[in-house]
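**Q** Below you will find the structure I want to go over with you.
The values are calculated or read from the model by the stated rules, or taken from the named source; none is laboratory data. Since we're looking at a predicted model, the values are computed, not measured. Reconstructed Cβ throughout: ideal geometry from the backbone, glycine too, with neighbour counts over all protein chains shown. To get the accessible areas, we keep the full protein, side chains included, count just its heavy atoms, and leave off ligands, DNA and RNA. Shrake-Rupley method; radii C 1.70, N 1.55, O 1.52, S 1.80 Å.
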Amino acid sequence: MQSIFQIFSNLKNEIPEDKDGFSIASLPKIKSHKIGISKEGLPLFFIKCEEVSTEKVLDYNLESISIRFNQRCQLKAKGKKNTEGNYTIIALKTDSVDLQEYFLNIIYFIVLKLAEIAKLKELKIEVENLIILFTKFSKLPTKSIQGLWAEILVIEQSLNPEYLIKSWHVSPKDKFDFNDGIDKIEVKSTANSKRIHSFSVEQLNPNENSKLIIASVFAVETGKGKSIFDLVKSIADKIENSDVLNIINEVIIDTLGSDFEKSFEHFFDYQLAKDTLAFFESETVPKINSTLISKEVSNVHFDSDLSNVEQLKKIKSNSLLHKTLME
């Protein structure tokens with residue numbers, strides 16, 4: 001099956017001459033909704049809507065996306081008869097190929113959820129979620145590109161990526177990177193030659209009945225290597241559940257914010273990261289005992305060298321979360 005981006009790229013050979021025209025193509029697994037290309041070579045989605053609706057909604061016109069609800073359109077795919085109907089048109093306004101590919105996939109996953117003839121009320125809810133996603137691009141990043149790359153590498157290397165993704169932090173400000181409500185995983189990365197990582201006191205002192213594993217990654221930036229989105233593609237090949245893939249998109253956008261577009265330019269040594277990925281029980285990591293810190297002292301951070309700490313070779317508990325890392 002062709003990817004959505006490949007389908008869109010094929011349409012570049014059919015760019016319309018009319019300034020108000022567009023060319024369209026069918027979408028995989030979908031009959032009524034279509035993908036298109038504008039005179040400017042930008043992508044469009046045509047979502048077929050119910051003919052009669054009492055629901056009135058306002059159109060959106062943002063910096064990188066516009067949405068026009070319930071427009072009367074006459075569509076014609078190459079070699080097929082004209083199709084007339086009411087469509088909601090989602091238009092991307094970015095000419096960045098990387099961003100186009102990424103957003104085409106996101107919008108396709110949204111369209112997959114819709115009925116063949118979408119009710120305007122239901123479509124409005126999905127569009128509002130899409131708008132929220134796009135507005136996050138102006139926010140300041142909450143974690144470095146390197147840190148996020150390391151987390152996604154751990155998912156990509158895991159035995160059960162789907163379970164790990166569902167346990168990924170809801171908010172970038174969460175104390176632990178992965179938390180299934182019972183056990184925790186914290187991912188640390190470094191570009192230095194020694195396995196030295198920064199911790200907060202709280203990170204190495206989880207609640208009494210939880211087990212915490214530290215995942216340590218050497219993430220060294222290179223001219224060639226794998227980007228965040230190369231890893232995401234690898235994960236997508238292992239997962240069919242589109243809702244799980246949507247979680248990845250949401251976490252990436254929430255975490256990177258205004259650094260999102262820059263992330264396409266950063267590549268890391270994938271083989272080095274794979275070869276040096278190591279896991280440690282939190283109890284073995286050198287740390288400051290929280291009982292020795294005065295209650296009046298807060299926000300304590302320190303660097304800990306794990307170079308000579310024994311690596312975890314086998315999961316000793318029945319933790320579902322930790323068994324995603326190794327047998």
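**Q** Answer with yes or no whether Leu153 is under 30 Å from Phe45 (Cβ atoms), modelled with pLDDT of 85 or more, in contact with a strand residue (DSSP E or B) (Cβ under 8 Å, 6 or more places away or on another chain) and part of a helix (DSSP H, G or I). Explain how you work it out, then say what you get.
**A** Numbers: under 30 Å from Phe45 (Cβ atoms): no; modelled with pLDDT of 85 or more: yes; in contact with a strand residue (DSSP E or B) (Cβ under 8 Å, 6 or more places away or on another chain): yes; part of a helix (DSSP H, G or I): yes.
Judged against the criteria, Leu153 is not a match.
**Q** Quick one: is Lys233 surrounded by fewer than 19 Cβ atoms within 10 Å (Cβ to Cβ), of a type in the set (D, E, K, R), in contact with an Asp or Glu (Cβ under 9 Å, 6 or more places away or on another chain) and not in a strand (DSSP E or B)?
**A** Spelling it out, it is not the case that Lys233 is surrounded by fewer than 19 Cβ atoms within 10 Å (Cβ to Cβ), of a type in the set (D, E, K, R), in contact with an Asp or Glu (Cβ under 9 Å, 6 or more places away or on another chain) and not in a strand (DSSP E or B).
**Q** Ok, one more. Looking at the stretch 95-116, which of its residues are open to solvent by 30 Å² or more (accessible area, probe 1.4 Å) and of a type in the set (Gly, Ala, Ser)?
**A** Within the stretch 95-116, just Ala115 meets the criteria.
**Q** Sticking with this one: Under 6 Å between Cβ atoms, at least 6 apart or on separate chains: pull out the pairs that start in the stretch 82-94 with a residue that is free of Cβ contacts under 8 Å to residues at least 60 places away in the same chain and end on any residue that is outside any strand (DSSP E or B) and of a type in the set (Phe, Trp, Tyr).
**A** The qualifying pairs are Leu92/Phe103.
**Q** Collect the residues in the stretch 252-261 that are surrounded by fewer than 16 Cβ atoms within 10 Å (Cβ to Cβ) and among the aliphatic types (A, V, I, L, M), keeping them in residue-number order. Break it down into steps so the answer makes sense when it comes.
**A** Going through the stretch 252-261, the residues surrounded by fewer than 16 Cβ atoms within 10 Å (Cβ to Cβ) turn out to be 258, 261.
Within the stretch 252-261, no residue meets the criteria.
**Q** Ile152 - would you say it is buried (at least 23 other Cβ atoms within 10 Å of the Cβ) and farther than 17 Å from Val220 by Cα?
**A** So Ile152 fails the test.
**Q** Taking the criterion of being open to solvent by 10 Å² or more (accessible area, probe 1.4 Å) and not in a helix (DSSP H, G or I), would at least one residue in the stretch 241-251 satisfy it?
**A** yes
**Q** Restricting to the stretch 6-37, name every residue that is in a helix (DSSP H, G or I) and farther than 27 Å from Lys119 by Cβ.
**A** Hits for the stretch 6-37 are Gln6, Ser9, Asn10, Leu11, Lys12, Asn13, Glu14.
**Q** Only one of Ser158, Ser138, Ser66 is closer than 30 Å to Asn179 by Cβ, hydroxyl-bearing (Ser, Thr, Tyr) and either in contact with a Lys or Arg (Cβ under 7 Å, 6 or more places away or on another chain) or open to solvent by 40 Å² or more (accessible area, probe 1.4 Å) (or both); which?
**A** Ser138
**Q** Can you find, within the stretch 190-212, the residue that is nearest to Asn179 (Cα to Cα) among those that are part of a strand (DSSP E or B) and open to solvent by 10 Å² or more (accessible area, probe 1.4 Å)? Spell out the reasoning first.
**A** At the first step, the residues of the stretch 190-212 found to be part of a strand (DSSP E or B) are 190, 196-200, 212.
Filter again for open to solvent by 10 Å² or more (accessible area, probe 1.4 Å), leaving 196, 198, 200.
On the way: Ile196: 23, Ser198: 19, Ser200: 17 Å.
That would be Ser200.
**Q** If we scan the stretch 219-227, do we find a residue that is within 15 Å of the chain's Cα centre (by Cα) and either modelled with pLDDT of 90 or more or crowded, with 18+ Cβ neighbours inside 10 Å (or both)?
**A** The answer is yes; a qualifying residue exists.
**Q** Consider only pairs whose beta carbons are under 9 Å apart and that are at least six residues apart or on different chains; among these, list those whose first residue lies in the stretch 277-300 and is on the phi < 0 side of the Ramachandran plot and at pLDDT below 85 and whose second residue is open to solvent by less than 40 Å² (accessible area, probe 1.4 Å) and assigned to a loop (DSSP other than H, G, I, E, B).
**A** Asn289/Val201; Ser290/Val201; Ser290/Val300
**Q** So which residues in the stretch 270-286 are open to solvent by 80 Å² or more (accessible area, probe 1.4 Å) and over 29 Å from the mean Cα position of the chain (by Cα)?
**A** Here is the first cut: in the stretch 270-286, the residues open to solvent by 80 Å² or more (accessible area, probe 1.4 Å) are 271, 275, 283.
The one that is open to solvent by 80 Å² or more (accessible area, probe 1.4 Å) and over 29 Å from the mean Cα position of the chain (by Cα): Glu283.
**Q** Confirm whether Phe267 is surrounded by 14 or more Cβ atoms within 10 Å (Cβ to Cβ), touching a residue at least 24 places away in the same chain (Cβ under 8 Å) and over 23 Å from Leu130 (Cα atoms).
**A** Criteria met by Phe267.
**Q** Surrounded by 16 or more Cβ atoms within 10 Å (Cβ to Cβ), among the aliphatic types (A, V, I, L, M), touching a residue at least 12 places away in the same chain (Cβ under 8 Å) and more than 20 Å from Ile30 (Cα to Cα): which single residue out of Leu75, Leu133, Leu123 fits that description?
**A** After applying the criteria, what remains is Leu133.
**Q** Looking only at the stretch 161-173, filter to residues that are open to solvent by 70 Å² or more (accessible area, probe 1.4 Å) and out of contact with any Ser or Thr (no Cβ under 8 Å at 6 or more places or on another chain); which one of those is farthest from His322 (Cα to Cα)?
**A** Ranking the candidates gives Val170 first.
**Q** I've got another one for you. Within the stretch 276-307, work out how many residues are assigned to a loop (DSSP other than H, G, I, E, B) and in contact with a Ser or Thr (Cβ under 8 Å, 6 or more places away or on another chain).
**A** Total meeting the criteria: 7.
**Q** Checking Leu312 against (1) open to solvent by 80 Å² or more (accessible area, probe 1.4 Å); (2) in contact with an Asp or Glu (Cβ under 7 Å, 6 or more places away or on another chain); (3) not small (Gly, Ala, Ser): exactly one of these is not met. Which one?
**A** Of (1) open to solvent by 80 Å² or more (accessible area, probe 1.4 Å); (2) in contact with an Asp or Glu (Cβ under 7 Å, 6 or more places away or on another chain); (3) not small (Gly, Ala, Ser), only one is false for Leu312: (1).
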